[in-house]
1. Any chance you could count how many residues in the range 50-65 are over 10 Å from LEU239 (Cβ atoms), in a helix (DSSP H, G or I) and β-branched (Val, Ile, Thr)?
2. Looking at the range 220-231, can you tell me whether even one residue there is surrounded by fewer than 21 Cβ atoms within 10 Å (Cβ to Cβ), assigned to a helix (DSSP H, G or I), of a type in the set (Ser, Thr, Tyr) and in contact with a helix residue (DSSP H, G or I) (Cβ under 9 Å, 6 or more places away or on another chain)?
3. Output the qualifying pairs, or none if there are none: Cβ atoms under 6 angstrom, residues six or more apart or on different chains, first residue in the range 74-87 and farther than 17 Å from LEU39 by Cβ, second residue hydroxyl-bearing (Ser, Thr, Tyr).
4. Can you tell me which residues in the range 7-37 are part of a strand (DSSP E or B) and buried (at least 24 other Cβ atoms within 10 Å of the Cβ)?
5. Among the basic types (Lys, Arg), on the phi < 0 side of the Ramachandran plot and at pLDDT 95 or above: which single residue out of LYS190, LYS223, LYS200, LYS207 fits that description?
6. When you scan the range 187-204, do you find a residue that is among the polar types (S, T, N, Q) and either free of Cβ contacts under 8 Å to residues at least 60 places away in the same chain or loosely packed, with under 14 Cβ neighbours inside 10 Å (or both), even just one?
Amino acid sequence: MKPTNYMKEMSWTTFAERVKQTDLVLLPTGACEVYGPHLPLGSDLLVATKLAERVAARVNAIIGPALEVGDSSALDDFPGTITIRPDSYKSYLEDVVKSLIKWGFKRILFINGHAGNVAMINHVSQTLREQPEIRCAQIDCWRFIKAQDHDVVESGEVAHGHAGEVGTSVLMYLYPDLVDPSQFVDELPKQKDLFPEIIKYSRYSTKTDSGTIGCPTLASSKKGEVLVQRSVDRIVQFLHESWEVPHS
């Protein structure tokens, strides 16, 4: 039987042995929402999952259950978008984490592909601070990737826009068969944000007609490869240097 880092692919006896070797679990989270006409609805989770796979292979971690859908309420006027109420999401996540802790995990790293999940994951993680032996951290994937983009992007301030240059590049590298270049649409926000320092609450359709903000025509698999490799290296560095993960 082929070795796996996915908890869902292990028998209970295999899991019982593996969890003796590591107390680190990675939890991919994402969304099912509009991601331009050229990328799949599950892009956020697809990317988070691949990052988890690459990290787990290097730090002897187990990949726990994926949370496929999150709070995408701001985008739900686009077909296919599914949203989970924050209270429902937090309750589900709390139950998953409680079970993982029961089976011996003490380090929980959320690899979160969707910005709408950040606050909910924060809330759950903060409640776990009452257990000093438990450590939690969150990788907010697209913001994390943005920190690794030096000398890579070409489209300026919209490079990290929804389904733009960066998102498309990453998907072209990780899932080339799920990207449809014939549907690339370069689209800037309908209105310039004159107060970007203020958090506002608007429908996504007021910003874009295609579900894209940015320039996917500038994307490339090579750019995606660089961004993914830098991101994985940085996560592994954090785990080794801050969370004392033994080398596998």
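The values are calculated or read from the model by the stated rules, or taken from the named source; none is laboratory data. Small disclaimer: the values here were computed from a predicted structure and weren't measured. No Cβ is skipped: glycine too gets one built from the backbone with ideal geometry, and neighbour counts run over all protein chains shown.
1. Total meeting the criteria: 0.
2. For the range 220-231, residues surrounded by fewer than 21 Cβ atoms within 10 Å (Cβ to Cβ), assigned to a helix (DSSP H, G or I), of a type in the set (Ser, Thr, Tyr) and in contact with a helix residue (DSSP H, G or I) (Cβ under 9 Å, 6 or more places away or on another chain): present.
3. As it stands, the answer is ALA74/TYR204; ASP76/THR83; ASP77/SER205; THR83/SER72; THR83/SER73, since those pairs meet every condition given.
4. So in the range 7-37, the residues part of a strand (DSSP E or B) come out as 24-29, 32.
Within the range 7-37, VAL25, LEU26, LEU27, PRO28, THR29 qualify.
5. Details: LYS190 fails: at pLDDT 95 or above; LYS200 fails: at pLDDT 95 or above; LYS207 fails: at pLDDT 95 or above.
The conditions single out LYS223.
6. Just the residues of the range 187-204 that are among the polar types (S, T, N, Q), to begin with: 191, 202.
Then keep just the ones that are either free of Cβ contacts under 8 Å to residues at least 60 places away in the same chain or loosely packed, with under 14 Cβ neighbours inside 10 Å (or both); that gives 191, 202.
Within the range 187-204, one or more residues are among the polar types (S, T, N, Q) and either free of Cβ contacts under 8 Å to residues at least 60 places away in the same chain or loosely packed, with under 14 Cβ neighbours inside 10 Å (or both).
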